[in-house]
Amino acid sequence: MVSMTVELRNVEDTQAAMGWAGGHTIIVDRPEGKAGGMGLGFNGGQLLALAIGGCFCNDLRYVAEEMGVTLDNIAVTVTLNLEGKPLLATSSTMTVSCTTLDGSDPAEIITRAAAISTVSNSLRQGVPVSIETAATATGLSEE
């Protein structure tokens with residue numbers, strides 16, 4: 001089993017959050033004027049769509065390397081549909097275009113990438129999410 005952990009903390013003097021994993025950071029916020037948002041970063045839906053597409057871009061590269069093919073251009077567009085109250089992601093559509101350096105047909109690369117894509121396949125199967133409250137100090141008194 002492989003585990004990954006990311007951290008998020010509030011950004012001082014804003015209501016946004018900064019997230020990080022290793023040496024990489026990202027700002028998460030709501031649109032300006034929505035629940036204190038200042039539009040400083042991506043919202044959750046955008047991050048979900050980016051996770052779907054970003055993972056697939058990486059998978060295209062993994063498969064191409066495994067097949068001994070060099071990809072030239074990759075273009076991926078992800079449309080995430082949200083409905084209801086609370087708002088839930090109900091579907092997503094990913095449109096993929098890529099070219100190979102040698103001009104060969106990339107269809108097999110796209111098909112194989114779809115078969116191994118961690119984020120897309122996890123969402124399709126429904127990944128359980130548990131929420132736990134961090135332990136808090138109670139009963140402390142100042143002396």
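The values are calculated or read from the model by the stated rules, or taken from the named source; none is laboratory data. Remember, it's a predicted structure, so these values are computed and weren't measured experimentally. Note: ideal-geometry Cβ built from the backbone for every residue, glycine included; neighbour counts use all protein chains shown. For accessibility, only protein heavy atoms count, side chains too; no ligands or nucleic acids. Shrake-Rupley method; radii C 1.70, N 1.55, O 1.52, S 1.80 Å.
Quick notes on this structure:
- Viscosity 1.306 mPa s, 10 °C: Kirkwood-radius Stokes-Einstein D of the stretch 5-143 over Cα pairs, µm²/s: 88 µm²/s
- Ranked by solvent-accessible area (1.4 Å probe, protein heavy atoms only, all chains present), the residues Glu108, Glu7 order from largest to smallest as Glu108, Glu7.
- Neighbourhood net charge (12 Å Cβ-Cβ; Lys/Arg +1, Asp/Glu -1) for Leu60: -3
- Acute angle (nearest 10 degrees) that the helix 107-116 long axis makes with the longest principal axis of the chain, alpha-carbon atoms: 30 degrees
- Taking every alpha-carbon pair under 8 Å whose residues sit at least 6 apart, the chain reaches a relative contact order of 15 percent.
- Local electrostatic count, Thr99, Cβ distance below 13 Å [Lys/Arg +1, Asp/Glu -1]: -3
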